[in-house]
Structures are given as C-alpha cells and as structure tokens.
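Step one of this worksheet: look at the structure below.
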Amino acid sequence: MAKIKLEYIWLDGYFPTQNLRSKTKVEEHENFKGTIEELGMWSFDGSSTRQAVGGSSDCLLKPVAIYPDPDRINGYLVMTEVLNADGTPHVSNGRATIDDDDNDFWFGFEQEYFIMDTKTQLPLGFPIGGYPAPQGMYYCSVGGKNTHGRGLVEEHADLCIKAGLNFEGINQEVASGQWEFQLFAKGAKKAGDEIWIARYLLDRLTEKYGYYIEYHPKPLGKDMDWNGSGMHANFSNEVLRTCGDKETYAKICEAFRPVVKEHIAVYGEFNDQRLTGDHETAAITDFSWGVSDRGASIRIPIIVVEKGWKGWLEDRRPASNADPYKIAGRIIKTVKSANITS
C-alpha cells in the first residue's frame, strides 16, 4: 500500500471572477493507476468560499479530471466540479453548463498574464514611481534588458508538460512582465480543465519566487497605453473543420452578432478597460469579423482560407481573467444556434 496525495481543486463562488481553491486528501492505495474511477467525492465548507451559508455549509467536490502532480511525490492534481449537497450542479459550476458531451468542439486557449513582484506590486521590469520603455521591444524578446520572468515561465512550462497537459507554447507579450501560454484540447470540458490546472500550477509556482500572477486584463488601469491581457479562444467543430464553404463560415460568424451582451457577460471582469477599439481589439459594444483581422471581434485565420475554408475561428474578446468553461459554453451555444450540420 502507498500513500497518495490527491490535490482536490475547485472554483469558488466569488463573482464575477472566481478563484482557485484546493486541499489535499491523503489516501492509501495499492497499484493506483491515476484514474477518475479510483477517486471518491469529497466535501468542503462552502460558507468560506461564498458557495453556501453557515447553517448549511457543505458543498460536494466531484472529480472530473486527474493529472500527475509534477512537484509532489505520489501526488495527483484532481480537477473537480462543485455540487450542491443534493448532487445537483452548484450555480458557480460553469463546467456543468457546457453542451459538448460528444467532444465535437475543440478549443485552443491563449492565456495572457502579468508576472507581478510582491514587494513593488508592479509587473516585472516596472521601476517604482515610473514606467519602463514603451511597448515594442518586449514581444518575443530575448535578453535581460527587455525580458523579465523567464525562469518562472520556463519552469511552469516544464511542470505543465510533466503533468500531461497538452501544452503548446509560451512567449513574452508586448508589455514588460507580460507572458502567454497556449493549450489545446479536443473537447470543451477538457480544454477548460487543462487551463485551470495550468493556472493552478502557475499560481502555486509563484509562491517560491516572491511573485504573483495578475489576470486582470488591465492591471495598471484603463488609461495605460499598453495592450491588455486576453485569453483568445480558438474553436472549431466538425462543420468548421470540414465544410469547405465561405458562406457557412459567414453564417456562423453572424450568429454571434445578436448575442454580443451574452458573450461579454462571461468574457471576464474589467474587459471594458481592454476592449476599447485600440491595441488590436474591437470595441466592447461592437461586433465584427474578418479574415486575418486582429482588430475584429472574431478573426478568420488566413490559413483557413488557404485550406479551402476548413479550420477554426478565433474569438479575440475574452479577457485573461475569464472562466474557460463559461467561454466555451457560450461559444458552443452560439455556434449551435446557427443550425448548420455537417
């Protein structure tokens, strides 16, 4: 028999921006294979996470995904959904709203974020009482003058890969101390699981660096002349991957036009500070789409056209602090409303 450390991870009830919570369950197992079927439900005090009241505080944790914990001996990361005491999905449970049980939808998320210094409360590379050089030389840069935080970023990438996430890349972004990582998954729920596990690993890693991660899309205020942080959502279903038809793409894109408010409602807090129409964004009140247009709400990648209208779409509006479960759930609902079948 071996002692196994199971880190149960969930999203709390803070609104509109939820936070990661976790606690460790140590169990004895013989020949543990690391599967969901080997795990049991657990509970927590929902009154401490804005998910219940003190007189009836128990909430349930239902395991939905498990990954090896790359930083622990005999450890596993267990992503869970929050359920009410009667077993129904909690109102904070965005994963339960995703209509993709057949994994027809594929998602690739581009997670941007700022690395913040706990002492200065500023992004790495920002001097106290002033600003670094304007954006321009930071994007995909190399060298100590413009590149800050690479040690953390590289270690995070290694942890994600060791955990078995489908981690696809990293790059420094346009502002000092701003970075991005990319993840892809076949299945909307799995894509959300992997983004949250990657965020968990990143946040936990900062504890030994004296840093913290800022997912606010404009951490220095709306008036700062810097690109904000987003989480571009690249998505496809069988229709988009195989249709070979420009009009089908147009119809799906147009399905997003009447539900702008519904999408913005789940695309992240403070997103109005980022979606201004400047810095490669469309205004938050507008909707547009176009081929290779990074100033549009939805971009049709040029490679889709080159491949004969077969591929995916990119929704550029989600903010870096948005919940990938809610983003995916809303996108799927809108795409399905176009009523196009393969």
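No lab work stands behind these numbers, since they all come straight from the coordinates. Because the structure is a prediction, the values reported are computed rather than measured. Please note: Cβ atoms are built from the backbone with ideal geometry, for glycine as well, and neighbour counts cover all protein chains shown.
Straight-distance candidates among the aspartates and glutamates for linking to Lys222, with alpha-carbon spacing under 13 Å and chain neighbours fewer than 8 residues away dropped: Glu269, Asp272, Asp278.
Under the combined filter of DSSP loop state and at most 11 neighbouring Cβ atoms within 10 Å, the stretch 1-52 retains these GluC sites (Glu not before Pro): Glu30. Equivalent ellipsoid of the chain: semi-axes from √(5λ) of the C-alpha gyration tensor, largest first, are 31, 27, 20 Å. Scanning residues 5 or more positions from Val291 or on other chains, those with amide H under 5 Å from its amide H are Ile300, with H placed 1.01 Å from N in the peptide plane. Pairs of Cα atoms nearer than 8 Å and 6+ residues apart set the relative contact order; for the stretch 17-168 it is 15 percent.
Overall, the stretch 118-230 carries a charge dipole of about 120 debye about its Cα centre when +1 sits on the Cβ of Lys and Arg and -1 on the Cβ of Asp and Glu, all other atoms neutral.
Residue by residue, the stretch 107-112 carries 3J(HN,Hα) couplings of 10, x, 9, 10, 8, 9 Hz when phi is fed to the Karplus relation 6.51 cos²θ - 1.76 cosθ + 1.60 (θ = phi - 60°); x denotes Gly or Pro.
State the antiparallel share, in %, of DSSP beta bridges confined to the chain, rounding to the nearest 5. Write down the numbers at each step before the final one.
Values: 55 of 63 bridges.
Here the share of antiparallel DSSP bridges comes out near 85 percent.
The stretch 281-311 and the stretch 315-342 have Cα centres lying 15 Å from one another.
When you count the other C-beta atoms within 10 angstrom of each residue and take the mean per peptide, 142-151, 230-239, 245-254 line up highest first as 230-239, 245-254, 142-151. Using the Cβ of Arg50 as centre and a radius below 12 Å, the other residues enclosed give a net charge of -1, where K and R count +1 and D and E count -1. Only one residue of Cys59, Ser48, Phe184 has its Cα farthest out toward the positive end of the dipole of the chain, where Lys and Arg carry +1 and Asp and Glu -1 on Cβ, and that residue is Phe184. Relative contact order, whole percent, for the stretch 180-337 stands at 30, derived from Cα pairs under 8 Å and 6 or more residues apart.
Multiplying the residue separation of Glu269 and Tyr212 by 0.36 nm and removing their Cα-Cα distance gives an extension gain of 18.7 nm.
For each pair in Lys190/Lys246; Lys310/Lys333; Lys190/Lys261; Lys3/Lys326, compute the distance between the two Cα atoms and list the pairs where it is over 31 Å.
Working: Lys190/Lys246 29 Å; Lys310/Lys333 21 Å; Lys190/Lys261 26 Å; Lys3/Lys326 35 Å.
Lys3/Lys326, as the Cα separations exceed 31 Å there.
Within the listed set Val153, Val78, Val291, the residue fluctuating most in the Gaussian network model of the chain (springs between alpha-carbon atoms under 10 angstrom) is Val291.
Averaged over residues, the count of other Cβ atoms within 10 Å places the peptides 104-116, 163-175, 85-97 in the sequence 104-116, 163-175, 85-97, highest first. Taking amide hydrogens as placed 1.01 Å from N in the peptide plane, the amide H of Gly177 sits under 5 Å from those of His148, each at least 5 positions away in sequence or on another chain. Packing-based ranking of 12-25, 327-340 yields 327-340, 12-25, ordered from highest to lowest mean Cβ neighbour count within 10 Å. Each principal axis of the stretch 244-342 carries a Cα extent, and these read 37, 26, 21 Å when sorted largest first.
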